[in-house]
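All remarks here apply to the structure that follows.
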Amino acid sequence: MNVEKGKTVKFLKEKMTVDKEVINNLKSFNKSKKAIINSLKEGSKTVPQLAKDLNISTQDCMYQLMSLLKYGFVKTGEIDDMDEYFYYELTEKIR
Amino acid sequence: MENHYKELSYDVLVVGGGIAGGEAALNLANIGYKVIIVEKELSIGGKMILLSKVFPTLDCAACITTPKISEIDRHSNISIFTSSEITKIEKKAEYEFVAIIHQKPRYVHIEDCTGCQLCEEACPVNVEDQYQYGLVGRKAAYIPFSIASPRVAAIDIENCTLCGACERACPTSCIDFTQTDEYFRLKVNSVIVATGFKLFDPLKIPRYGFDRFKNVITSMQMERQLAPTRPYNTILRPGDGKMPDNIAYVLCTGSRDKSVGNPICSQVCCMYSIKQAQLLMGALPMADITIYYLHIRAFGKGFNEFYGQAQEMGVEFVKGKVAKIKSADNGNLFLRYEDFEDGIVKEAEHDMVVLSVGILPNMGIDDVFDGEDLNLDEFNFIQQSDPLASPAKTSIEGVFVAGTASGPMDIPDSILSSGAASAEATSYLRRIKS
Ligand SMILES: Cc1cc2nc3c(=O)[nH]c(=O)nc-3n(C[C@H](O)[C@H](O)[C@H](O)COP(=O)(O)OP(=O)(O)OC[C@H]3O[C@@H](n4cnc5c(N)ncnc54)[C@H](O)[C@@H]3O)c2cc1C
Ligand code: SF4
């Protein structure tokens, strides 16, 4: 079998279909990523503030936000006056 | 299938590349035996490589594991097969075992990958990171974790959209979607089983609310939060990102509990909880830590002093059995427990709960043995046929057991047990010549 190096994904695409769930997961991640980034453009926010703004649960917000932190889109800012919640803000990668 | 097997030959097969299997392999390789390690995960290192620090010395786990792992990786007498499982081991005669290895495709040529992470950056997918125990996401093209060995990318094909972004981003063209399953026929003279343990699944105790209440986490998740390669910027509640200041530990979750099918003590949970409590007091100086326990098992060298140290630091120990955990609207948790000192039922509020989950046998390895049976003990760990005189011997001559595959134990005991297994294997192998 002769498949060009660096273009092998075509080979597997012909043999395998991508699960619907995988596509849906990608769509929902893209959606929340966009929403989080747009919301943080207004200024830094804590997880509860961000969740309220996006109308999602704080736990989903936490998971998505921490993933974006890991991928370098978001960074940690100051902690609030009660020493409870950190503010998160966009990194230079976005601005 | 028969003629698709690639043929391999070694002196010893080590099944499982955790600290126990790695140590046994090193001992044997250092005296000249050719060893093959077969590991089902993408990296060797087992659970230990994911720990924060270790009791009772509080040495950094990665600082001990990393040099050891790289020694194993570089050793000329050791070959490592990751993403691989043994499907069959047959004893043909004394000193003659034939095993079949099934290696799953990684879709990456290990030797060409530099670990640059450009594929990770390019991949659009976000799925739960299994090596962070679900606390954060990872990509479908990913390096398992920063100190993984080998530290090279892999494609999680089940979550891949086949967009090809990783392949276009890869500067060395090491990503290869044409890879398929590979099968090897392996001849060895002896086998060491070091398949380790499995963590108790707290979903089996619904009254503790794990998964329903996101601020109830497992000790392994706390271990990740305390590690330098942590999922968050600091210790936070997964439910809402609050920095906790009143954390409870529930010891014996899934251990010493007949109702969940595990009547025995897991040996390490008391000590790792005491360790985590001390680390938390360092990370969150204002936090209160309470440990709910039945008995504290601090039996090893320096363990009782370590326990005393935690008490002196202000960790509160409550002798009692937690019956139920409820959640309030603000994410705080109410623990209903029987206080053994006062003999009454009480309720206490905490803002985060850690379930100190127990150690269970990793089942299945006995099924791959063909011909002779690899016996299990009554708790489904590998049976030691002569636990007092030759603790590494199993029911099959020439097959030895190392580490937690034979029962719950900590790292020092796992390493000791690997010493026993490699010594027994050596003595067995020496007899070939005589
Ligand atoms: C939360 C927590 C904290 C802990 N903290 C400490 C501590 O501070 N100090 C301490 O001394 N101990 C601690 N321990 C205990 C420690 O983790 C164990 O003693 C140690 O990891 C045991 O090593 P092992 O190699 O026997 O098993 P494992 O680490 O489980 O390794 C087994 C390996 O075998 C592989 N495997 C399994 N089945 C197969 C198969 N069929 N084919 C191929 N490969 C297979 C696995 O993928 C794994 O890599 C802690 C445990 C927990 C849960
Ligand atoms: S092909 Fe798969 S792994 Fe590669 S970037 Fe696309 S989704 Fe990620």
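Every read-out reported here was derived from the displayed coordinates using simple, explicitly stated rules and does not represent laboratory data. Being a predicted model, the structure only gives us computed values, none of them experimental. So basically every Cβ, Gly included, is an ideal-geometry build from the backbone, and we count neighbours across all protein chains shown.
Over the Cα atoms of segment B:200-359, what Rg and Dmax result, in angstrom?
14.7, 44
Rg(Cα) of segment B:268-419 divided by 2.2 N^0.38 Å?
Normalised Cα radius of gyration, segment B:268-419: 1.35.
Per residue of B:224-237, count partner chain C-beta atoms within 10 Å of its C-beta, then hand back the mean as an integer. All intermediate terms of the calculation are to be shown ahead of the outcome.
Working: counts 0, 0, 0, 0, 0, 0, 0, 5, 7, 7, 3, 0, 5, 6.
Counting Cβ atoms of other protein chains within 10 Å of each residue's Cβ and averaging gives 2.
Could you state the angle between the C-alpha long axis of helix B:61-74 and the longest principal axis of the C-alpha atoms of chain B, as a value from 0 to 90 degrees rounded to the nearest 10?
Compared with the principal axis, the helix lies near 10 degrees.
For segment B:1-129, what is the Kirkwood hydrodynamic radius in Å, using each pair of distinct C-alpha atoms? Show your work: numbers first, answer last.
Numbers: mean 1/r = 0.0596 Å⁻¹.
About 16.8 Å for segment B:1-129.
Three principal axis extents, largest first, for the C-alpha atoms of segment B:145-187, in Å?
Cα extents, longest axis first: 40, 26, 22 Å.
Tell me the angle of helix B:19-30 to the major Cα principal axis of chain B, expressed in degrees between 0 and 90 and rounded to the nearest ten.
Compared with the principal axis, the helix lies near 30 degrees.
Could you work out [θ]222 nm for the protein assembly as shown from helices alone, using -39500 (n - 2.57) per DSSP H run of at least four and dividing by all its residues? Round to the nearest 500 deg cm²/dmol.
Details: 12 runs with 143 residues, N = 529.
Calculated from helices alone, the mean residue ellipticity at 222 nm is -8500 deg cm²/dmol.
Averaged across A:75-87, how many Cβ atoms of other chains sit within 10 Å of each residue's Cβ atom? Could the numbers behind the result be given before it?
Details: counts 1, 3, 1, 0, 2, 2, 0, 2, 5, 8, 6, 7, 0.
Mean number of neighbouring Cβ atoms from other chains: 3.
Per residue and in Å³, how big is the convex hull formed by the alpha-carbon atoms of chain B? List each step's numbers first, then the result.
Details: hull volume 66.5 nm³, N = 434.
Each residue corresponds to 153 Å³ of Cα convex hull volume.
For segment B:98-227, what is the per residue volume of the convex hull drawn over the alpha-carbon atoms, in cubic angstrom? Don't skip to the answer; put the middle values down first.
Details: hull volume 20.9 nm³, N = 130.
Convex hull volume per residue, Cα atoms: 161 Å³.
Report, in whole Å, the centroid distance computed from the Cα atoms of segment B:210-251 and segment B:254-320.
Taking the Cα centre of each part, segment B:210-251 and segment B:254-320 sit 16 Å apart.
Report, as a whole number in µm² per second, the diffusion coefficient that Stokes-Einstein gives for segment B:155-223 at 4 °C and 1.567 mPa s using the Kirkwood radius over alpha carbon pairs. Intermediate results must be reported in sequence, preceding the final value.
Details: Rh = 17.8 Å.
This corresponds to a translational diffusion coefficient of 73 µm²/s.
If the cut-off is 20 Å between C-alpha atoms, which aspartates and glutamates fall inside it for A:Lys33, apart from same-chain ones fewer than 8 positions away?
A:Glu21, A:Glu42, A:Asp53, A:Asp60, A:Glu89, A:Glu92, B:Glu120, B:Glu121, B:Glu128, B:Asp129, B:Asp240
Can you tell me the alpha carbon radius of gyration of chain A divided by the globular rule-of-thumb value 2.2 N^0.38 Å? Write down the numbers at each step before the final one.
Details: Rg = 18.1 Å, N = 95, 2.2 N^0.38 = 12.4 Å.
Ratio of Cα Rg to 2.2 N^0.38 Å: 1.46.
R0 = 41 Å: FRET efficiency of A:Asn2 with A:Lys93, Cβ-based, nearest 0.05? Walk me through the numbers before you get to the answer.
On the way: r = 39 Å, r/R0 = 0.95.
Calculated value: 0.55.
Past the 32 Å Cα-Cα mark, which pairs from B:Lys258/B:Lys346; B:Lys214/B:Lys275; B:Lys68/B:Lys275; A:Lys52/B:Lys326; A:Lys41/B:Lys139?
Working: B:Lys258/B:Lys346 24 Å; B:Lys214/B:Lys275 23 Å; B:Lys68/B:Lys275 23 Å; A:Lys52/B:Lys326 24 Å; A:Lys41/B:Lys139 24 Å.
The pairs that break the limit, which is 32 Å between Cα atoms, do not exist here.
Over what distance in Å are the Cα centres of segment B:1-59 and segment B:131-149 separated?
20 Å
How long are the semi-axes of the ellipsoid equivalent to segment B:276-327, from square roots of 5 times the Cα gyration tensor eigenvalues, in whole Å, largest first? Before the final figure, lay out the partial values.
Working: eigenvalues 80, 60, 13 Å².
After scaling each eigenvalue by five and taking roots: 20, 17, 8 Å.
Treating each Cα of the protein assembly as shown as an identical point scatterer and ignoring solvent, apply the Debye formula and state log10 I(q)/I(0) at q = 0.05, 0.09, 0.11 Å⁻¹.
-0.22, -0.73, -1.07
May I ask you to list, by number, the DSSP H helices of chain A whose Cα span along the axis is at least 15 Å and whose average Kyte-Doolittle hydropathy reaches -1.0 or more?
On the way: long enough: A:20-41 (32 Å, -0.61); A:58-70 (18 Å, 0.04).
Helices passing the filter in chain A: A:20-41, A:58-70.
If I fit a long axis through the Cα atoms of helix B:303-313 and take the longest principal axis of the Cα atoms of chain B, what angle between them do I get, 0 to 90°, rounded to 10?
Tilt of helix B:303-313: around 40 degrees.
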